[in-house]
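Down below is the structure, laid out as C-alpha cells.
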Amino acid sequence: MVMAYAGRPVRTALEIGAGTGKATRLFAQRGVTVTATDPDESMLAELRKHVPANVRTVRAAFEDLRPDERYGLVYAAAALHWTRPEDRWSRMAALLEPGGVFASCGGPFRLADPAVEEAVRAARTPFLRSDEIPSPDGTPPGHDMQWPGTELQRSEWFTDVQQSVIGRRLTMSAPDYVGHLSTISAYLVLPASEREQVFSRIMRVLPGRVEVAADITVHLARRRHES
C-alpha cells in the first residue's frame with residue numbers, strides 16, 4: 001500500500017519509534033534501506049536480532065533527530081502519539097525529500113469475545129480505567145478522518161492525505177496477548193509494581209487462547225515540493 005501510494009521507488013526510510021522492529025522487517029524485506037530509531041536501547045537490541053543488514057539503528061527520540069539526511073519515506077507504527085505536537089509536522093517535513101511519503105499505522109487491539117473483554121476490563125479497573133489511546137487532537141471516534149490524518153490535512157507541509165482501514169482478526173495465546181499489552185502506553189506509564197499486578201490479574205481471567213479484533217488504520221501523506 002505504501003509503495004503503491006509513493007508511485008516511485010522508495011530507497012531509504014526512517015522509522016520513528018521502531019520498538020522491536022515488526023514494521024522494520026516489512027520494509028527491509030522489500031529492499032528499502034531503513035534507519036530504525038527508538039529512545040529505548042533494549043527495544044533496539046531486540047530489533048537487531050531480527051532484521052537484515054540493510055537496517056541501521058539509532059537510539060533517539062523523534063525530537064532528537066536532526067535533518068542531516070532526507071528520506072524517501074518516514075513512518076511510524078503505533079508510535080506517533082509519543083511525539084510532541086509542537087512542530088511535529090515541520091520536523092517531519094524536514095526529514096523527507098520533497099514528494100516523499102509519510103506513513104502512520106495503528107489501531108485499537110480489542111478482544112473479540114465480549115465476555116472476555118468484560119473480565120479483562122474488571123481485572124484492570126483498580127489500576128486503569130481504560131487502555132485505549134485517546135485521539136491526540138480530540139477527533140471523535142466516528143469522524144470520517146481520524147488522527148493523524150486530521151492534523152496532516154491542516155498542515156502546510158503535506159498534501160494528498162489518505163486514510164485506509166485493513167480489517168484484521170488474530171488468535172493468540174494469553175501470554176502473547178499480555179505481552180502485547182506491555183507495549184501499550186496506558187500500561188507503560190504505570191509504576192512497575194502496578195504493571196506487574198495488573199498483568200497478573202489479567203492473566204488469571206484469560207482463556208488459554210484469545211481472538212482479537214486488530215484492524216489497522218493507515219494514514220498516508222506526501223511532503224509538498226518546495227517552492
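Entry remark, segment 1-47: residues being among the basic types (Lys, Arg), closer than 21 Å to HIS180 by Cβ and in contact with a strand residue (DSSP E or B) (Cβ under 8 Å, 6 or more places away or on another chain) number 1 in total.
This table checks each residue for (1) in a loop (DSSP other than H, G, I, E, B); (2) touching a Lys or Arg at 6+ places or on another chain (Cβ under 8 Å); (3) open to solvent by less than 20 Å² (accessible area, probe 1.4 Å).
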residue: ARG8; (1), (2), (3): yes, no, no
residue: PHE27; (1), (2), (3): no, no, no
residue: THR37; (1), (2), (3): no, yes, yes
residue: SER42; (1), (2), (3): no, no, no
residue: ALA53; (1), (2), (3): yes, no, no
residue: ASP68; (1), (2), (3): yes, no, no
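Of all residues in segment 92-105, one or more are outside any helix (DSSP H, G or I), polar (S, T, N, Q) and closer than 12 Å to GLU15 by Cα.
Across segment 13-25, which residue is most open to solvent (accessible area, probe 1.4 Å) among those that are β-branched (Val, Ile, Thr) and more than 20 Å from ARG223 (Cα to Cα)? Once the filter is applied, the top-ranked residue is THR20. No other residue among GLU118, GLU156 is more than 16 Å from the chain's Cα centre (by Cα), open to solvent by 60 Å² or more (accessible area, probe 1.4 Å), more than 22 Å from THR37 (Cα to Cα) and free of Cβ contacts under 8 Å to residues at least 24 places away in the same chain apart from GLU118.
Okay, residues lined up against (1) open to solvent by 40 Å² or more (accessible area, probe 1.4 Å); (2) touching a Cys at 6+ places or on another chain (Cβ under 9 Å); (3) closer than 26 Å to ILE166 by Cα:
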{"residue": "ALA78", "(1), (2), (3)": "yes, yes, yes"}
{"residue": "GLU86", "(1), (2), (3)": "yes, no, no"}
{"residue": "GLU97", "(1), (2), (3)": "yes, no, no"}
{"residue": "GLY100", "(1), (2), (3)": "no, no, yes"}
{"residue": "SER104", "(1), (2), (3)": "no, no, yes"}
{"residue": "ASP113", "(1), (2), (3)": "yes, no, yes"}
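The values are calculated or read from the model by the stated rules, or taken from the named source; none is laboratory data. What you are looking at is a predicted structure, and each value in this text was computed from that prediction instead of being measured. Cβ atoms come from the backbone with ideal geometry, glycine included; neighbour counts cover every protein chain shown. Note: areas computed on protein heavy atoms with side chains; ligands, DNA, RNA excluded. Shrake-Rupley method; radii C 1.70, N 1.55, O 1.52, S 1.80 Å.
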